[in-house]
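Notes for the one structure printed next.
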Amino acid sequence: MLTAIRSSFQKKNRRRWLLTLLALPFVIHIIAIRYVPLAGWALAFFNYKPGRDLATMPFVGLKYFKLIGFYREDVLNALTNTVALSTLALLFSWFPMLLAILINEIRSRRRRMLIQTAITIPNFVSWVIVYSLCFCIFSSEGLFNQVFHTTNNVLGDKKNIWFFMEGLTIWKTAGWNSIIYLAAIAGINPEMYESAVLDGASRLKQIWYITLPSILPTISILFIMAVAGILGNDYQKILLMYSPRTYSTADVVNTYVYRYGIETAGNHLSYSSAVGLLVNVVSLIFLFIANTVTGKLSETSLF
């Protein structure tokens, strides 16, 4: 008896070690990509000059954090654009969920897989390629203006740049993001739907009373993550799409940090690091607030 228990325990331990070794490369990758660069926050407290040893640079404390107040107009403009774009993204965050529900309602497995593949492909298209296509179609001399004989420059329209970027984001990511909701829907017990059918519930009622409540924890978690990232827009697309003509409405915190840290003469890396550090602290506060509120309302939280 003891031998059997010991053998079973050893098999379980061996399986755990194998799973740990399998996950180890991914853990190392996340640490190297996400956590090691955090050491760069130290630049915010030094008068850093590129190419020199940080240990030889003078310590200036909170000097660059105070300097943020000097550039407050630029910072406030970047914050306003960041919050506006993130709020717009939150307002349309339901779209991938709706997409997942509609895909799940397709009875033909072949059609369902075909549609899911088609709407997921844009996620694997680089933003550089997306920008190239947009430039060829929507620029002043693009295909759109040539076909309709107009002179509109969508990429340079600072009034509608928010909606244009959000539309591109939905087109590119909605299909991929719907996979999370599809996975949650797949975990719902089919017997619940069978019981609803016997009770005469329509498809809409099944979605409202079974599907949505069942995936509510997934919705809550994704909402928390979205609120936490409200100051961290996907700046790659903005960096490609915007121009000096649209700085006033398209410049967000991350692009502002990039421009001041890399493009501006003098390479103000210490100042841009201070702005980036402050934004991350605020994002962390948003995360705790969203997690607390969501935990009380839906009993679902990250921690």
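The values are calculated or read from the model by the stated rules, or taken from the named source; none is laboratory data. Bear in mind the structure is a predicted one, so any value in this text is a computation, not a measurement. Virtual Cβ from ideal backbone geometry, glycine too; neighbours counted across all protein chains shown. These area figures cover heavy atoms from the full protein model, side chains too; ligands, DNA and RNA do not enter into them. Shrake-Rupley method; radii C 1.70, N 1.55, O 1.52, S 1.80 Å.
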Can you confirm whether PHE59 is modelled with pLDDT of 85 or more and touching a Ser or Thr at 6+ places or on another chain (Cβ under 9 Å)? no
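Conditions tested, residue by residue: (1) modelled with pLDDT of 80 or more; (2) of a type in the set (S, T, N, Q); (3) in a helix (DSSP H, G or I); (4) open to solvent by 70 Å² or more (accessible area, probe 1.4 Å).
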site: THR249; (1), (2), (3), (4): yes, yes, yes, no
site: ASN254; (1), (2), (3), (4): yes, yes, yes, no
site: VAL275; (1), (2), (3), (4): yes, no, yes, no
site: ILE285; (1), (2), (3), (4): yes, no, yes, yes
Pull up region 63-75, narrow it to residues that are open to solvent by 100 Å² or more (accessible area, probe 1.4 Å) and modelled with pLDDT of 85 or more, then point me to the one that is nearest to TYR247 (Cα to Cα). GLU73
List every residue pair whose Cβ atoms sit under 6 Å apart, with the two residues 6 or more apart in sequence or on different chains, where the first one lies in region 26-46 and is touching a residue at least 24 places away in the same chain (Cβ under 8 Å) and in a helix (DSSP H, G or I) and the second, anywhere, is open to solvent by less than 70 Å² (accessible area, probe 1.4 Å) and of a type outside the set (Ser, Thr, Tyr). TRP41/LEU277; LEU43/LEU269; ALA44/ALA274; ALA44/LEU277
Please indicate, with yes or no, whether at least one residue in region 161-175 is modelled with pLDDT of 90 or more, within 25 Å of THR246 (Cα to Cα) and open to solvent by 80 Å² or more (accessible area, probe 1.4 Å). yes
Among residues of region 136-150, those that are surrounded by fewer than 16 Cβ atoms within 10 Å (Cβ to Cβ) and either within 21 Å of THR249 (Cα to Cα) or basic (Lys, Arg) (or both), counted: 1
I'm told ALA201 meets every condition in (1) of a type outside the set (Asp, Glu); (2) without any contact (Cβ under 8 Å) to a residue 12 or more places away in the chain; (3) open to solvent by 80 Å² or more (accessible area, probe 1.4 Å) except one. Can you identify the failing condition by its number? (3)
Take the residues in region 204-216 that are assigned to a helix (DSSP H, G or I) and in contact (Cβ under 8 Å) with a residue 60 or more places away in the chain, then tell me which one is surrounded by the most Cβ atoms within 10 Å (Cβ to Cβ). THR211
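To keep it simple, each residue is scored yes or no on (1) in contact (Cβ under 8 Å) with a residue 12 or more places away in the chain; (2) of a type in the set (S, T, N, Q).
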| position | (1), (2) |
| --- | --- |
| THR218 | yes, yes |
| LYS237 | yes, no |
| LEU240 | yes, no |
| PRO244 | no, no |
